[in-house]
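Peer 1: Okay, here's the structure, questions in a sec.
The values are calculated or read from the model by the stated rules, or taken from the named source; none is laboratory data. None of the values given here were measured: they were computed from a predicted structure. Backbone-built Cβ (ideal geometry, glycine too); neighbour counts: all protein chains shown.
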Amino acid sequence: MTTGTSSALDGSIFAISPHRFIKSSPASPRQQSGHQARAFSHSLDQKLTPEQQIAFARRFGKLEISPRTEFALSGYPEILVLSNIVENGKPIGNADAGRTWHTDMSYTKTPPRGSLLYALEIPVENGRALGDTVFASAAAAFESLPADRQASLLGLRAIHRGSAKKYAPGSKLGDLIKDIPDVEHPVIRTHPVTGRKAIYVREGECVGICAKLDEQSLPLIKELSDLVTRPEFCYRHQWRVGDLLMWDNSMIQHMAISDYQLPLRRLMHRVTVNGTVPI
Ligand SMILES: O=C(O)CCC(=O)C(=O)O
Ligand SMILES: [Fe+2]
């Protein structure tokens, strides 16, 4: 596991200061794929207004409006608040987002292309930040397989089921997505801009492989899921206030670590960029 540098991810996630970009023209396809080529993570010590985060995210495509409207930032339906903070007896954000390994909303026909998460408050205990996020390169995992094994996976399709996801008890998102019909996506996904290939299945969200019996597909889903999250493909981000991380959902899986609770507060603003049908 890499901590403090994101080299394990080979550029499918990056931390950046949008201030340099916001005023310029929309990102070209080449710039848009440029973030595939490098990754870095250091304290950016920046302040972003909701307008600036939204303007920056728009450079990469149209923005999603979350179904969890009760946790949208007031006046900004594009911003989803992730937080454990309770004000006047009411949670101000989604407190349990992403607690298991996943790629965002793979249970939809057009899962988001990328997500931009901005840290406003980070829990700290004994000088150490808590509430890290771990990212795994599903592309590096695929590339680690021998060529014949890679070839055997191309062309397979997996069934993704929203209701199969594990949510914290009482989670409203679980209720919202429980009736979404199953969707099929390729087991090996190709990046729409760079052509890079990555494993796009996750145990607990994929319930089968098309045209295969459960006895074959479930062990395959487990094997590929375990491969993606091997320590050598992971990067664990220890957040600092002001960090903005953007990741590419087609190439990355991630998980939020739940190792803090009130009175330690965590507050994040998340913006999601629309995606296309996975190929
Ligand atoms: O809060 C986090 O660290 C990540 C939550 C998550 O999975 C997401 O924003 O997509
Ligand atoms: Fe997520």
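Peer 1: So, of the residues in region 249-277 that are assigned to a loop (DSSP other than H, G, I, E, B) and within 15 Å of the chain's Cα centre (by Cα), which turns out to be nearest to Ala139 (Cα to Cα)? Full working, then the answer.
Peer 2: Filtering region 249-277 for residues assigned to a loop (DSSP other than H, G, I, E, B) gives 249-251, 257-266, 274-277.
Among the residues that remain, those that are also within 15 Å of the chain's Cα centre (by Cα) are: 249-251, 257, 274-275.
Details: Asn249: 11, Ser250: 9, Met251: 5, Ile257: 22, Asn274: 20, Gly275: 18 Å.
Ranking the candidates gives Met251 first.
Peer 1: So Ile92 passes all but one of these: (1) over 18 Å from Trp247 (Cβ atoms); (2) out of contact with any strand residue (DSSP E or B) (no Cβ under 6 Å at 6 or more places or on another chain). Which condition number does it fail?
Peer 2: Checking Ile92 against (1) over 18 Å from Trp247 (Cβ atoms); (2) out of contact with any strand residue (DSSP E or B) (no Cβ under 6 Å at 6 or more places or on another chain), the one that fails is (2).
Peer 1: Is region 106-117 home to any residue that is crowded, with 18+ Cβ neighbours inside 10 Å and on the phi > 0 side of the Ramachandran plot?
Peer 2: Within region 106-117 (the criterion being crowded, with 18+ Cβ neighbours inside 10 Å and on the phi > 0 side of the Ramachandran plot), the answer is no, since none of the residues qualifies.
Peer 1: Pairs under 9 Å by beta carbon, first residue over 16 Å from His254 (Cα atoms) in region 107-121, partner basic (Lys, Arg) and in a strand (DSSP E or B), six or more apart or different chains?
Peer 2: none
Peer 1: Let me ask something additional. When residues of region 118-164 are filtered for being in contact with a helix residue (DSSP H, G or I) (Cβ under 8 Å, 6 or more places away or on another chain) and buried (at least 20 other Cβ atoms within 10 Å of the Cβ), how many remain?
Peer 2: Counting residues in region 118-164 that are in contact with a helix residue (DSSP H, G or I) (Cβ under 8 Å, 6 or more places away or on another chain) and buried (at least 20 other Cβ atoms within 10 Å of the Cβ) gives 10.
Peer 1: While we're looking at this one, here's another question. Could you check, for region 192-215, whether at least one of its residues is assigned to a loop (DSSP other than H, G, I, E, B), closer than 30 Å to Lys90 by Cβ and small (Gly, Ala, Ser)? Talk me through it step by step, then tell me what you get.
Peer 2: Quick first cut of region 192-215, residues assigned to a loop (DSSP other than H, G, I, E, B) only: 192-196, 200-202, 204-205, 210-213.
Narrowing further to those that are closer than 30 Å to Lys90 by Cβ: 204-205.
Those left that are additionally small (Gly, Ala, Ser): 204.
Within region 192-215, one or more residues are assigned to a loop (DSSP other than H, G, I, E, B), closer than 30 Å to Lys90 by Cβ and small (Gly, Ala, Ser).
Peer 1: Right, another one. At pLDDT below 90 and more than 10 Å from ligand 1 (Cβ to nearest atom): which single residue out of Asp259, Asp243, Asp248 fits that description?
Peer 2: Asp243
Peer 1: Could you list, in sequence order, the residues of region 247-268 that are closer than 30 Å to Gly195 by Cα and more than 13 Å from ligand 2 (Cβ to nearest atom)? Quick ask: steps written out before the conclusion?
Peer 2: Let us first name the residues in region 247-268 that are closer than 30 Å to Gly195 by Cα, namely 247-256.
Listed by number, the residues that qualify are Ser250, Met251.
Peer 1: Tell me whether region 58-74 contains one or more residues that are within 11 Å of ligand 1 (Cβ to nearest atom), closer than 23 Å to Val271 by Cβ and not in a helix (DSSP H, G or I).
Peer 2: Filtering region 58-74 down to residues within 11 Å of ligand 1 (Cβ to nearest atom) leaves 66.
When the remaining residues are screened for being closer than 23 Å to Val271 by Cβ, the result is 66.
In the following step, the residues that additionally are not in a helix (DSSP H, G or I) were identified as 66.
Yes, the conditions are met somewhere in region 58-74.
Peer 1: Do we find that Arg128 is farther than 18 Å from Val271 by Cβ, at pLDDT 90 or above and away from ligand 1 (no atom under 12 Å from the Cβ) in this structure? Outline the logic, then answer.
Peer 2: Working: farther than 18 Å from Val271 by Cβ: yes; at pLDDT 90 or above: yes; away from ligand 1 (no atom under 12 Å from the Cβ): yes.
Taking the combined requirement at face value, the residue satisfies it.
Peer 1: Considering region 206-240 alone, what residues qualify as being of a type in the set (A, V, I, L, M, F, W, C) and modelled with pLDDT under 90?
Peer 2: Ala211, Leu213
Peer 1: If I ask for residues that are of a type outside the set (A, V, I, L, M, F, W, C), in a strand (DSSP E or B) and more than 11 Å from ligand 1 (Cβ to nearest atom), which ones from region 82-118 would you list?
Peer 2: Of all residues in region 82-118, those of a type outside the set (A, V, I, L, M, F, W, C) come to 83-84, 87-91, 93-94, 96, 98-100, 102-104, 106-115, 118.
Restricting the remaining residues to those that are in a strand (DSSP E or B) gives 83, 87, 90-91, 94, 102, 114-115, 118.
Listed by number, the residues that qualify are Glu87, Lys90, Pro91.
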